[in-house]
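Working notes, structure below.
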Amino acid sequence: MSEVLIKTTDLHCGYGGIDIVKGINIEVRAGEVVALLGANGAGKTTTMLTLAGELAPISGEASVLDLPRNRALYKRARKGLSFVTEERSIFPHLTTKQNLAVGRVNIEEATEIFPELVPLLNRRAGLLSGGEQQMLTLSRAISRSPKLLLADELSLGLAPKTVGRLLRAVRAAADQGVGALLIEQHVNRVLDIADRVYLLHHGVIEFEGTADEARANMDRIQATYLAAG
């Protein structure tokens, strides 16, 4: 069995002592892609921020890379965590090449992941398209050779072709041993590259299973999105 990178036990998390996520148990192992699905407001980002170390759990346990529950994000990063937030984390006034340098990654390795960045290395990141900015962000995260990748809405507002490129890059990283937990609204797209799925609905896990099992239960999954509308 591969190494367990994330394991939560009866995890409650939220804000100001009020739990948004209630008693969830999830697991992510090295070399697998796990999708965290759910409608807006289901508690996905709250869960991700807690696993990243940005929020302290209200109760329960959240073991991430075997680090203490109160270990801050920057300390988790030193132990092998890469976190791609919903907002693209670029330095707009720096060039693409400088953005990669700030991330202390190998530029050749980063552009091997996304060759599309090669002709853009000397362009200011703020002038890149949204998809190019997200390629830059993800290439920087993966090129750090993390053990664990957390990604919140990689595909937000992007064209289908770009979404496919980003998700395939995550799958390739997992095939090299990286564990990945993704929040993703493009359900069918993420099922093409995911190994397992958790579906959050009003802060509780409504469904868990393999990607194939999720496809077989697509009516149930879609119903939770409609119920939240």
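The values are calculated or read from the model by the stated rules, or taken from the named source; none is laboratory data. Just so you know, these numbers come straight off a predicted model, no measurement behind them. In this analysis, Cβ positions are derived from the backbone assuming ideal geometry, glycine residues included, and neighbour counts consider all displayed protein chains.
Among residues of the range 58-97 being modelled with pLDDT of 90 or more, on the phi < 0 side of the Ramachandran plot and part of a loop (DSSP other than H, G, I, E, B), the one that is surrounded by the most Cβ atoms within 10 Å (Cβ to Cβ) is I90. Of the residues L11, L37, L55, the single one that is surrounded by 18 or more Cβ atoms within 10 Å (Cβ to Cβ), hydrophobic (A, V, I, L, M, F, W, C), within 22 Å of V170 (Cβ to Cβ) and touching a residue at least 24 places away in the same chain (Cβ under 8 Å) is L37.
Of all residue pairs spaced 6 or more apart or on separate chains, those with beta-carbon atoms under 8 Å, a first member in the range 205-229 that is in contact (Cβ under 8 Å) with a residue 40 or more places away in the chain and in a loop (DSSP other than H, G, I, E, B) and a second member that is of a type in the set (A, V, I, L, M) and surrounded by 12 or more Cβ atoms within 10 Å (Cβ to Cβ) are A228/A39; A228/A42; G229/A39. Residues that are charged (D, E, K, R), buried (at least 21 other Cβ atoms within 10 Å of the Cβ), touching a residue at least 60 places away in the same chain (Cβ under 8 Å) and more than 24 Å from I221 (Cα to Cα) within the range 136-192 are absent altogether. If only residues of the range 129-159 that are of a type in the set (S, T, N, Q) and in a helix (DSSP H, G or I) are counted, the one that is nearest to V178 (Cα to Cα) is S143. Could we say that E112 is without any contact (Cβ under 8 Å) to a residue 12 or more places away in the chain and of a type in the set (D, E, K, R) here? So E112 fits the description; yes.
Could you list all residues from the range 109-142 that are within 18 Å of A174 (Cβ to Cβ) and of a type outside the set (S, T, N, Q)? Selection gives E109, A110, E112, I113, F114, M135, L138, R140, A141, I142.
When only residues in the range 1-35 that are touching a Lys or Arg at 6+ places or on another chain (Cβ under 8 Å) and of a type in the set (G, A, S) count, which is nearest to G177 (Cα to Cα)? Across the range 1-35, the extreme among qualifying residues is A30.
When the residues of the range 193-204 are filtered to those that are in a strand (DSSP E or B) and in contact with a strand residue (DSSP E or B) (Cβ under 7 Å, 6 or more places away or on another chain), which remaining residue is farthest from R165 (Cα to Cα)? Checked the range 193-204; the qualifying residue farthest from R165 (Cα to Cα) is V204.
When the range 40-52 is filtered for residues that are in contact with a His (Cβ under 9 Å, 6 or more places away or on another chain) and surrounded by fewer than 19 Cβ atoms within 10 Å (Cβ to Cβ), only G41 remains.
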